[in-house]
Every structure is written in structure tokens, then in C-alpha cells.
1. Can you give the local net charge around SER196? Use residues other than it whose beta-carbon is closer than 14 angstrom to its beta-carbon, Lys and Arg +1, Asp and Glu -1.
2. So, with a 1.4 angstrom probe, what is the percent of accessible area on the stretch 41-80 that is carbon and sulfur?
3. Quick check: with the 1.4 Å probe, what order do SER91, SER163 take by accessible area, largest first?
4. Counting other C-beta atoms within 10 Å, and keeping those with at most 15, which DSSP coil chymotrypsin sites (Phe, Trp or Tyr not before Pro) do you find in the stretch 26-68?
5. With a ≥ b ≥ c the root eigenvalues of the C-alpha gyration tensor of the stretch 26-160, is it rounded (a/c under 1.5), prolate (a/b larger than b/c) or oblate?
Amino acid sequence: MSNSARDLHILYSSWRDRFASKTSTAKGALEPHTAKGAQEFVQAFRLLGRIDVLLRQLEQDGYNVSLYRRQFPKWSAGVLSSGSGWASSMSPDNLVHPTVMDQIEGCANYLDGKVFVYEHDDSEALDSLVSRARVALNGDPDLDPQLHYYIHRLLQEIEIALSDESAGIAFDYTAAVQRLWVAMRAAEGASTDDDSKRRWRDAWQSILTGTVSGGLVQAGALMFQITAAV
């Protein structure tokens with residue numbers, strides 16, 4: 001789910017398939033004026049945005065992604081229907097050319113092992129983590145209001161991503177869990193009640209003891225190495 005290039009390739013493939021039986025227009029085949037069609041376009045834009053962020057992050061980390069940076073501008077072809085136009089009859093190749101599909105698939109293969117791959121077991125673990133954090137948050141009424149609001153909104157982001165596939169398809173679970181870990185550590189330090197401190201500590205320690213750390217790694221390097229500096 002979280003290899004955004006692969007998800008974009010899957011989405012574009014499904015769009016191309018709609019032209020397989022007969023030549024059609026982009027407007028007629030993709031139906032952007034309908035709720036379902038509009039949602040698919042939102043997904044595509046989210047995925048393109050997430051790919052852009054991933055490539056920039058990898059570039060800053062010293063990876064050579066110049067090939068994909070050069071190719072990336074063409075990957076919006078399916079969303080913009082730039083190959084032919086909305087009202088013109090077209091073939092699948094006019095919508096997204098096979099060369100572009102190959103480029104996106106190549107990027108997906110490159111990202112394998114470098115991004116968090118979201119699996120069903122991770123969903124259950126993240127649900128458990130969110131529940132722990134909610135219990136801690138609701139049980140700490142004296143927590144600083146700004147920190148309380150920040151954690152609440154962060155939990156909402158994760159909850160929406162978990163419950164809505166279209167919202168979660170390009171959601172950065174790794175960054176969200178990392179931010180939650182930092183926020184819960186801050187909440188533990190700010191709490192004045194011993195029971196509240198314990199609940200916050202139990203919640204953030206569940207990350208480090210394996211509740212959600214499996215899979216949140218790149219090439220075996222733990223994302224939570226930040227703990228060494230704490």
C-alpha cells in the first residue's frame with residue numbers, strides 16, 4: 001500500500017483497462033464528474049505528491065534518484081489527460097503511454113525495501129497503538145491544551161488513514177508513528193499525574209518493544225534510532 005509508485009501504477013493500469021474494449025474519451029471512461037471518479041483523481045494526486053516527497057527525501061539521504069526526478073513530470077499524464085485531451089477519443093496509450101508505465105514500475109521496484117510496506121498485521125498493531133494513545137489522552141485532562149490538541153489531531157490522521165483506504169493509500173505511516181512517539185514522550189514529561197505518566201510511557205514503549213516497529217524500517221535500519229539521542 002505504501003509504495004506510492006506501485007499504487008500509482010496499479011491505478012493507471014485500471015484506467016488503461018477501461019479503454020481496452022473500445023476507444024473512448026477520458027471524460028467518458030474515467031468519469032471525473034462522479035464521486036467515484038473524482039475520488040480516484042484525488043488518489044492519483046496524493047500518490048504523485050507522495051512520490052515527489054519520497055524522491056526528495058532519498059535525494060537528501062544521498063541516493064541517486066536523478067533518473068526518476070527527470071521522468072517524474074511525465075507521470076501526471078494520466079491525471080491531466082495531456083496525451084489527447086478530455087473530449088477526444090483515445091486509446092490506452094494516449095492516456096498513459098507504455099513508456100511512462102514502465103518508468104513508474106521501475107520507480108516502484110526501486111522503492112521496494114526503501115519504504116514502509118503496510119500490511120494487515122500492521123493495521124492491527126497501529127489500531128492497538130492508537131487505542132493506547134487515546135486512553136492515555138482521555139485520561140490526562142490536565143495535559144497542556146496545545147499538546148493535547150496536537151496528539152488528538154495526529155491520532156485522527158492515523159485513524160482516518162486506517163479506516164478509509166482512499167485516504168490511507170499515500171499516507172506516511174512511518175512519519176506519523178514517529179511524530180506520535182515524540183509527542184507521547186513529551187506528554188509523559190509534561191504530565192503531573194503518576195497514572196497518566198505510566199499510560200503515556202506504556203504507549204510509547206509499545207512502539208519500541210515491537211508493537212509497530214516491524215516493517216517501519218529501511219534496509220534493516222531501525223527508524224527509531226532517535227531513541228539513542230534521548
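The values are calculated or read from the model by the stated rules, or taken from the named source; none is laboratory data. Treat the numbers as computed from the prediction; the structure is a model and nothing was measured. Don't worry about glycine lacking a Cβ; one is built from the backbone with ideal geometry, like all the others, and counts go over all protein chains shown. These area figures cover heavy atoms from the full protein model, side chains too; ligands, DNA and RNA do not enter into them. Shrake-Rupley method; radii C 1.70, N 1.55, O 1.52, S 1.80 Å.
1. Details: positive: ARG132, ARG134, ARG185, LYS197, ARG198, ARG199, ARG201; negative: ASP140, ASP142, ASP144, GLU188, ASP193, ASP194, ASP195, ASP202.
Local net charge: -1.
2. Values: 1120 of 2170 Å².
Exposed carbon and sulfur together represent 52 percent of the surface.
3. Working: SER91 40, SER163 100 Å².
My answer, sorted largest first, is SER163, SER91.
4. The qualifying sites are TYR63.
5. Prolate is the answer for the stretch 26-160, as a/c is 1.5 or above and a/b outweighs b/c.
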